[in-house]
Amino acid sequence: MAGWEDIRAEVMARIRARAWPPGALIPGEEALAQEFGVARATVNRALSELARTGVLERRRKAGTRVAAMPVRKATLDIPVIRAEVEARGEAYGLRLLRLEITRPPLSVSARLGMDSVQMVHLRTLHLASGRPFVVEDRWLNRKVLPDPMPDFAEISANEWLVAHVAFTTGDIAFSAEPASGAEAEALGLTEGTAVFVTERCTWAPDQPITWVRLVHAPGYRLSTVF
């Protein structure tokens with residue numbers, strides 16, 4: 001039987017696919033409960049969570065609609081890597097290792113809910129006082145970028161996106177993994193060295209924004225407040 005997280009994921013998938021576009025009235029709790037074979041309370045929890053994050057608008061006796069202009073209510077702000085480095089009292093630098101427009105691997109397009117269309121692929125090395133700090137491997141939806149495209153050799157895609165493109169929802173995962181050959185080379189490590197990895201997807205109301213994999217040099221420490 002589906003849990004409330006499964007219902008939430010399916011609702012988000014339909015919103016991203018524009019089956020339920022911004023402003024659309026979605027089926028009621030009873031109808032969704034019947035469709036998914038769950039209790040109405042399970043649907044209520046999933047929809048309440050999406051309303052809390054600004055994706056849905058719920059009004060008594062008026063039903064539930066996809067937010068026309070969702071309000072960002074993220075509980076986790078996306079950090080600017082430059083600011084992280086400077087907060088450590090170190091000088092920030094970046095090297096653009098790769099910039100290409102090509103089709104992403106299936107694993108990325110599937111995560112973003114996109115067909116196999118061309119995207120901007122960036123690989124950036126962020127530096128702290130000249131030493132490797134994090135390798136950023138990013139796939140970026142071309143539709144969120146202006147023409148001409150920002151100079152990502154001067155400002156990282158991470159920093160530009162935080163400043164210019166609002167997201168309404170996303171997902172994030174943390175893991176410890178052995179560094180691949182390319183990642184180890186960029187960070188000055190031996191292949192297979194254990195590294196801290198962050199993978200993140202973000203979406204605007206009507207389209208995906210980006211998928212990014214951040215591979216941190218040993219010694220990286222993640223902290224947050226709650």
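The values are calculated or read from the model by the stated rules, or taken from the named source; none is laboratory data. Nothing here was measured: the structure is a model prediction, and the numbers come from that model. In this analysis, Cβ positions are derived from the backbone assuming ideal geometry, glycine residues included, and neighbour counts consider all displayed protein chains.
For the stretch 98-112: of the residues being without any contact (Cβ under 8 Å) to a residue 24 or more places away in the chain and outside any helix (DSSP H, G or I), which is nearest to the chain's Cα centre (by Cα)? Outline the logic, then answer.
Kept after step one, since they are without any contact (Cβ under 8 Å) to a residue 24 or more places away in the chain, are these residues of the stretch 98-112: 100, 102-103, 105-107, 109-110.
The next check asks that each one be outside any helix (DSSP H, G or I); those that pass are 100, 102-103, 105.
Values: Glu100: 20, Thr102: 19, Arg103: 18, Pro105: 17 Å.
Per the criteria, the residue is Pro105.
If you go through the stretch 110-156, how many residues are among the acidic types (Asp, Glu), in contact with a helix residue (DSSP H, G or I) (Cβ under 9 Å, 6 or more places away or on another chain) and farther than 12 Å from Pro208 by Cα?
Residues of the stretch 110-156 that are among the acidic types (Asp, Glu), as a first pass: 115, 136-137, 147, 151, 154.
From what's left, in contact with a helix residue (DSSP H, G or I) (Cβ under 9 Å, 6 or more places away or on another chain): 115, 136-137.
Imposing the further condition that a residue be farther than 12 Å from Pro208 by Cα reduces the set to 136-137.
Qualifying residue count for the region: 2.
Which residue, of Val11, Val38, is without any contact (Cβ under 8 Å) to a residue 60 or more places away in the chain, farther than 24 Å from Met114 by Cα, surrounded by 14 or more Cβ atoms within 10 Å (Cβ to Cβ) and of a type in the set (Val, Ile, Thr)?
Val38
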With more than 23 Å from Arg103 (Cβ to Cβ), touching a strand residue (DSSP E or B) at 6+ places or on another chain (Cβ under 8 Å) and at pLDDT 95 or above as the only criterion, which of Leu140, Leu125 stands out?
Leu125
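Does Arg95 satisfy the criteria of being within 28 Å of Val11 (Cβ to Cβ) and of a type in the set (D, E, K, R)?
Numbers: within 28 Å of Val11 (Cβ to Cβ): no; of a type in the set (D, E, K, R): yes.
Against the criterion (within 28 Å of Val11 (Cβ to Cβ) and of a type in the set (D, E, K, R)), Arg95 does not qualify.
Please state which one of Ala67, Ala91, Ala87, Ala17 is in contact (Cβ under 8 Å) with a residue 60 or more places away in the chain and closer than 30 Å to Phe152 by Cβ.
Ala17
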